[in-house]
Amino acid sequence: MLAKIHERLEYYSRVAVWLGGATLMAAAVMVAVDVLFRKFAGMTMSGSDEYTGYVFSATTTWAYSYCLLHRSNVRIDALYSRFPKQVTGVLDVVGCFLFLYYMSYMTYYAGFAFHDSYVNNSVSITTLGTPQWIPQLFWFMGLAMFFVTLMFVTLYASLSLLQGNWELVAKLVGVPSIAEVMEEETQGQDVVLAAGDGAEGTR
């Protein structure tokens, strides 16, 4: 059942990434049009810089879940890669709990900021006077989705650790091997790896 939930979360996170990417592309087009209008028509689209800032902050959080599920977050593994899989498994799960603790505060205060802006009808200090709760809502939604995903991944990895399933712990929250990175980047195409670059050679 946990594997099915993990698969569904991966699907939802992929949809969120595509939506966020499409929104970023739309914002980029808006900025490009604004620059061209300034250059050739002497006119400007008021607020393009403001809206792109909102889009960037919101869509960034929408990519967090995908990054977590695909273990794309940057980690320093100079010593980590030298430890046996039992030690790295414990470190991975401990790291998840610490991350969950941090994200609980961040998500709570993001929700508080959204609620405060909505109740007080706060607006931006620009000529547009954008209601701040609108971009904050999308920002908070991304963080909330990530927090729920992180809770599930932490639970799944913890149960796998208690069962002694070190391979599954590594697959869920470990540092990806070179072979796994190549598989992700090449979408499963035939790639010949050098000796020592396999999954075991990087752990």
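Out of (1) buried (at least 16 other Cβ atoms within 10 Å of the Cβ); (2) free of Cβ contacts under 8 Å to residues at least 12 places away in the same chain, the odd one out for F147 is which?
(2) is the only condition that F147 fails.
With respect to C67, is the statement that it is surrounded by fewer than 19 Cβ atoms within 10 Å (Cβ to Cβ) and in a helix (DSSP H, G or I) true?
Criteria met by C67.
Rundown of residues vs (1) free of Cβ contacts under 8 Å to residues at least 24 places away in the same chain; (2) within 25 Å of V173 (Cβ to Cβ); (3) touching a strand residue (DSSP E or B) at 6+ places or on another chain (Cβ under 8 Å), yes/no style:
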| residue | (1), (2), (3) |
| --- | --- |
| K4 | yes, yes, no |
| E7 | yes, yes, no |
| S13 | no, yes, no |
| A27 | no, no, no |
| A41 | yes, no, no |
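Inspect all residues belonging to region 128-139 and state whether any of them is farther than 27 Å from G20 by Cα and modelled with pLDDT of 90 or more.
no
Across region 70-85, which residue is farthest from L168 (Cα to Cα) among those that are in a helix (DSSP H, G or I) and among the charged types (D, E, K, R)?
The extreme case among them is R82.
Report, by residue number, each residue of region 151-203 that is outside any helix (DSSP H, G or I), at pLDDT 65 or above and in contact with a Ser or Thr (Cβ under 9 Å, 6 or more places away or on another chain).
G174, V175, P176, S177
Got a number for residues in region 12-64 being surrounded by fewer than 14 Cβ atoms within 10 Å (Cβ to Cβ) and in a loop (DSSP other than H, G, I, E, B)?
Selection size over region 12-64: 5.
Looking at F99 and the list (1) surrounded by 12 or more Cβ atoms within 10 Å (Cβ to Cβ); (2) within 22 Å of the chain's Cα centre (by Cα); (3) over 28 Å from I5 (Cβ atoms), which single condition is not satisfied?
Condition not satisfied by F99: (3).
Within region 119-129, is even one residue in a helix (DSSP H, G or I), more than 15 Å from the chain's Cα centre (by Cα) and crowded, with 17+ Cβ neighbours inside 10 Å?
no
The values are calculated or read from the model by the stated rules, or taken from the named source; none is laboratory data. This one's a predicted model, so the numbers in the text were calculated from it and none came from an experiment. So basically every Cβ, Gly included, is an ideal-geometry build from the backbone, and we count neighbours across all protein chains shown.
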